[in-house]
Amino acid sequence: MNPTAHQILDHLATAIVIINDDWLISHANSAAENLLRISKSHIVKRQLSEIFTNAGILEDAVEIAKLRNASHIEHELQADTISAGTLYVNITFTPLGSSTLLEFQPIDMQLRINREANMRAQQQTNRELLRNLAHEIKNPLGGLRGAAQLLMTELDSTELRDYTRVIIEEADRLRSLMDRLLGPSRPPRFAPTNIHQVMERTRSLILAEFTAVKIKRDYDTSLPEIQADAEQLIQAILNISRNAAQAMQGEGSITFRTHIARRVAIAGRQVLLAIQIDIMDTGPGISPDIINDIFYPLVSHREGGSGLGLTIAQSGIHAHQGNIDVESQPGKTIFTILLPLSQASVASRLV
């Protein structure tokens with residue numbers, strides 16, 4: 001292709017990579033540099049397999065396009081790169097004589113939106129089921145507790161009274177569990193809230209409970225106030241942080257980080273600006289077997305855990321039209337909270 005054609009490709013927003021019959025990359029436009037997170041000088045004249053660790057999949061698709069002498073599209077392809085990690089893309093392969101043009105369309109955002117929408121729908125269904133179950137359990141518990149109290153007044157034996165006391169205490173414990181399953185007892189009370197005051201309050205509560213835990217802070221102090229219920233945010237962040245401290249057996253370090261996130265997907269919609277809160281710990285990590293289920297009620301990765309802390313945290317964040325996500329590996333677990341900024345806050349931020 002002549003230089004003019006290359007210049008045209010460089011002005012496209014779509015990532016373009018051109019390869020020859022020997023699988024050498026002859027051109028990559030600016031959008032490809034951004035997508036692959038590697039400079040053009042490190043892409044051109046390199047083998048396709050030096051950029052993509054699973055280049056065989058791409059090479060097979062190129063052969064199909066050449067065989068048909070027409071464009072061929074691979075949908076929802078996982079492209080593993082040496083510089084940008086795993087990319088989820090649609091790729092169009094177009095034969096151009098002795099070369100082939102690869103056009104990349106990232107779909108990470110759409111996959112994330114679909115996954116989040118499916119997760120929210122499933123969690124809402126499970127939550128409603130558990131709420132109904134909790135209501136059904138609470139009714140007979142009240143009768144059981146009342147009968148035990150009446151029985152206690154009729155008994156002369158201290159030993160028998162101890163038995164009825166056990167019944168009352170266990171009924172109270174189960175009632176408390178049902179109350180937690182039912183979730184927050186009131187809707188959020190929104191008011192102007194400084195997110196760092198919320199973080200500092202949470203920090204003081206964790207340090208009071210886990211004296212050997214270190215909490216590091218990495219705050220963007222320029223963040224604007226948000227309309228939020230500070231009490232519910234404290235509870236959500238406290239539940240996540242307490243889980244982290246317990247997973248580290250009361251030692252290790254937790255990092256609180258805040259910053260602005262731009263153009264993110266929350267609850268299936270694009271948000272121009274959001275406050276991002278990262279809660280990172282140095283614990284053993286969450287098992288891959290349950291990491292996709294940890295926000296469901298009664299699912300716990302810790303022995304003796306109730307499996308309600310993260311469910312309550314998620315309910316509180318969802319009530320603020322926000323979202324929680326998690327990434328985990330041994331030695332590093334990150335819970336990420338996104339809280340959308342109001343239009344007024346966005347306008348003030350952009351001034």
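In table form, for the structure just shown:
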| item | result |
| --- | --- |
| Average silhouette area of segment 191-350, convex hull of alpha-carbon atoms, in square nanometres | 8.9 nm² |
| Hydrodynamic radius of segment 3-106 per Kirkwood, over alpha carbon pairs, in Å | 13.4 Å |
| Cβ crowding within 10 Å averaged over residues, with 242-254, 78-90 ranked highest first | 242-254, 78-90 |
| Nonlocal amide H pairs with Ser342, under 5 Å, H built at 1.01 Å | Gln227 |
| Net charge of neighbours whose Cβ lies under 10 Å from the Cβ of Asn90, counting Lys and Arg as +1 and Asp and Glu as -1 | -3 |
| Interchain or long-range residues, amide H under 5 Å from Thr81's placed H | Thr53, Thr86, Leu87 |
| Computed over segment 191-350: relative contact order in percent, which uses C-alpha pairs under 8 Å that are six or more apart | 23 percent |
| Beta bridge orientation in segment 166-298: antiparallel %, DSSP, nearest 5 | 75 percent |
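No lab work stands behind these numbers, since they all come straight from the coordinates. Values in this document were obtained by computation on a predicted structure and should not be read as measured data. Note that each Cβ is placed from the backbone with ideal geometry, even for glycine, and that neighbours are counted across all protein chains shown.
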